[in-house]
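S.K.: Dropping a structure here in structure tokens format, bear with me for questions.
Every read-out reported here was derived from the displayed coordinates using simple, explicitly stated rules and does not represent laboratory data. Nothing here was measured: the structure is a model prediction, and the numbers come from that model. In this analysis, Cβ positions are derived from the backbone assuming ideal geometry, glycine residues included, and neighbour counts consider all displayed protein chains.
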Amino acid sequence: MASHLADPEHNPSFTRGVFLGELREDFIFPFPELPAEEKENLTAILDSFRAWAEATVDTAKLDHDAKFSDEVRTGMAELGMMGLNIPEEYGGFGASALLFSRVFGQVGETDAALAVYFGAHQSIGCKGITLFGTDDQKKRWLPQCASGERIAAFCLTESGSGSDAQAMRTMAVPSEDGTHYVLNGEKIWISNAGYAGVFTVFAKVPVEIDGKPKQRVTAFIVDAHAPGVSLGKIEEKMGIKASDTRTVSFKDVRVPLEDRLGEVGGGFKIALEILNSGRLGLSAGSSRGARKILDTALAFAKERKQFGRPIGSFEMIQKKFAVAAAECYAADAGWIVCGLDGGSRRH
Ligand SMILES: Cc1cc2nc3c(=O)[nH]c(=O)nc-3n(C[C@H](O)[C@H](O)[C@H](O)COP(=O)(O)OP(=O)(O)OC[C@H]3O[C@@H](n4cnc5c(N)ncnc54)[C@H](O)[C@@H]3O)c2cc1C
């Protein structure tokens, strides 16, 4: 298994250093630039996405309808967005973290629900297959994910286990003949659930250690259309409504042995690795989205007049903007620290 992203021996952290009072400037300077070829690719991807989104993505309508139209989903697939960071050999574009995060930022700036759809699919949904799948698993699942034919989702959270993910109760019991696992349990708050064709699911497998029965968290690739998989109703969120969030239930679902991801007991580490890499894109999408909101609010504050003056000229409003701008800058700086902005900042 690859070294743990959070392992300081293999991946020393700038941010950790900040907490310890040690500024490792050598980690962030010179500021990482995208290589020329990647810069060209990035410009082409951003230009085609922006042009398509302008003509197709109507955020107010998507939020009102609480679902993506076929046109939006097909468009994202045809643009190649759903395979952006899936390796080329499995049908994707093979984008680096730098390029992927920059594009994620643009999607977040365009429509937050679309960013969740885009991110839940490849940042977490099928990321486990990319990082930990066997060649056979990658060949069987990733090309369909890359083309957008199968949307992926990540099933970790349960009603009794959120932050404390290891407290999960979903179980995967090996069949007597050893050909498959029988999966039972319920996951909640699953992004992309209603669009999904494949789930990465975390469940406990019973094992015997030193003669004592134990349970070990293990990861599985589960066909969303397998008998026994069912979906709850769409969660009524306050925003990002088109990103379909639901409960996913598993009732005696047969998961073939060849769809176990990694070793028995390796699931928790796999979940953390996926979430660690997923957070990079998510932070890019969120910080660009926040900046877009700030720009929109600023335009309104300049245009809206009360007492004969734009409201943006009042000190109290200016204070709010100062705080928001500082927070947006800090969020953007997170990219810089991670070297994820690729030298292509527009603000
Ligand atoms: C829109 C949306 C989409 C989601 N999509 C997915 C998805 O695709 N797949 C998936 O598996 N899950 C998904 N989730 C679930 C999400 O990952 C969980 O909400 C998250 O793990 C936190 O769990 P929880 O909500 O049960 O909060 P809890 O664990 O109950 O935490 C509640 C609060 O207590 C705090 N807290 C908990 N433990 C500690 C501690 N030890 N010390 C200090 N504070 C603590 C937390 O920080 C939090 O503020 C989604 C959630 C939302 C809202």
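S.K.: Return the only residue of ILE124, ILE129 being in contact with a helix residue (DSSP H, G or I) (Cβ under 9 Å, 6 or more places away or on another chain), under 30 Å from ILE293 (Cα atoms), surrounded by 24 or more Cβ atoms within 10 Å (Cβ to Cβ) and aliphatic (A, V, I, L, M). I'd like the intermediate steps shown before the answer.
M.R.: Working: ILE129 fails: under 30 Å from ILE293 (Cα atoms).
Just a single option satisfies the conditions, and that option is ILE124.
S.K.: Sticking with this structure for a sec: Out of everything in the range 196-208 that is of a type in the set (A, V, I, L, M) and more than 16 Å from the ligand (Cβ to nearest atom), what residue ends up being farthest from SER243 (Cα to Cα)? Give the steps one after another, and end with the answer.
M.R.: Of all residues in the range 196-208, those of a type in the set (A, V, I, L, M) come to 196, 198, 201, 203, 205, 207.
Next, only the ones that are more than 16 Å from the ligand (Cβ to nearest atom) stay: 205, 207.
On the way: VAL205: 31, VAL207: 37 Å.
Among residues in the range 196-208 that are of a type in the set (A, V, I, L, M) and more than 16 Å from the ligand (Cβ to nearest atom), the one farthest from SER243 (Cα to Cα) is VAL207.
S.K.: Counting residues that are under 19 Å from SER243 (Cβ atoms) and more than 15 Å from the chain's Cα centre (by Cα), which helices (runs of 4 or more DSSP H) fully inside the range 13-131 reach at least 3? Give the steps one after another, and end with the answer.
M.R.: Numbers: elements: 14-19, 36-56, 59-65, 70-78, 97-110, 112-119.
Counting at least 3 such residues, we get 36-56, 59-65, 70-78.
S.K.: Let me ask you something else. Among the residues in the range 304-312, are any among the charged types (D, E, K, R), without any contact (Cβ under 8 Å) to a residue 60 or more places away in the chain and either under 30 Å from PHE27 (Cα atoms) or assigned to a helix (DSSP H, G or I) (or both)? Break it down into steps so the answer makes sense when it comes.
M.R.: At the first step, the residues of the range 304-312 found to be among the charged types (D, E, K, R) are 304-305, 309.
If we keep only those that are without any contact (Cβ under 8 Å) to a residue 60 or more places away in the chain as well, we get 304-305, 309.
Narrowing the set further to residues that are either under 30 Å from PHE27 (Cα atoms) or assigned to a helix (DSSP H, G or I) (or both) leaves none.
So far as the range 304-312 goes, no, none of its residues is among the charged types (D, E, K, R), without any contact (Cβ under 8 Å) to a residue 60 or more places away in the chain and either under 30 Å from PHE27 (Cα atoms) or assigned to a helix (DSSP H, G or I) (or both).
S.K.: Please specify each residue of the range 163-178 satisfying the condition of being assigned to a loop (DSSP other than H, G, I, E, B) and within 16 Å of the ligand (Cβ to nearest atom). Break it down into steps so the answer makes sense when it comes.
M.R.: Step one: list which residues in the range 163-178 are assigned to a loop (DSSP other than H, G, I, E, B), which gives 163-164, 168-170, 175-178.
Hits for the range 163-178 are SER163, ASP164, MET168, ARG169, THR170.
S.K.: Would it be correct to say that ALA193 is more than 10 Å from the ligand (Cβ to nearest atom), under 15 Å from ALA66 (Cβ atoms), within 18 Å of the chain's Cα centre (by Cα) and crowded, with 20+ Cβ neighbours inside 10 Å? First the steps, then the outcome.
M.R.: Details: more than 10 Å from the ligand (Cβ to nearest atom): no; under 15 Å from ALA66 (Cβ atoms): yes; within 18 Å of the chain's Cα centre (by Cα): yes; crowded, with 20+ Cβ neighbours inside 10 Å: yes.
No.
S.K.: Among the residues of the range 148-161, is there at least one that is within 16 Å of the ligand (Cβ to nearest atom), surrounded by fewer than 17 Cβ atoms within 10 Å (Cβ to Cβ) and either over 14 Å from the mean Cα position of the chain (by Cα) or within 24 Å of LEU282 (Cα to Cα) (or both)?
M.R.: Looking through the range 148-161, at least one residue is within 16 Å of the ligand (Cβ to nearest atom), surrounded by fewer than 17 Cβ atoms within 10 Å (Cβ to Cβ) and either over 14 Å from the mean Cα position of the chain (by Cα) or within 24 Å of LEU282 (Cα to Cα) (or both).
S.K.: Please indicate, with yes or no, whether at least one residue in the range 56-74 is out of contact with any strand residue (DSSP E or B) (no Cβ under 7 Å at 6 or more places or on another chain), without any contact (Cβ under 8 Å) to a residue 40 or more places away in the chain, within 21 Å of ALA284 (Cα to Cα) and hydroxyl-bearing (Ser, Thr, Tyr).
M.R.: Within the range 56-74, not a single residue is out of contact with any strand residue (DSSP E or B) (no Cβ under 7 Å at 6 or more places or on another chain), without any contact (Cβ under 8 Å) to a residue 40 or more places away in the chain, within 21 Å of ALA284 (Cα to Cα) and hydroxyl-bearing (Ser, Thr, Tyr).
S.K.: Here is a check on your reading of the model: is GLU186 charged (D, E, K, R), assigned to a strand (DSSP E or B) and more than 8 Å from the ligand (Cβ to nearest atom)? Show your work before the answer.
M.R.: Working: charged (D, E, K, R): yes; assigned to a strand (DSSP E or B): yes; more than 8 Å from the ligand (Cβ to nearest atom): yes.
Against the criterion (charged (D, E, K, R), assigned to a strand (DSSP E or B) and more than 8 Å from the ligand (Cβ to nearest atom)), GLU186 qualifies.
S.K.: Have a look at VAL248, VAL264 and point out the one that is touching a strand residue (DSSP E or B) at 6+ places or on another chain (Cβ under 7 Å) and either without any contact (Cβ under 8 Å) to a residue 60 or more places away in the chain or more than 15 Å from the ligand (Cβ to nearest atom) (or both). Walk me through it before giving the result.
M.R.: Working: VAL248 fails: either without any contact (Cβ under 8 Å) to a residue 60 or more places away in the chain or more than 15 Å from the ligand (Cβ to nearest atom) (or both).
Within the list VAL248, VAL264, the selection yields VAL264.
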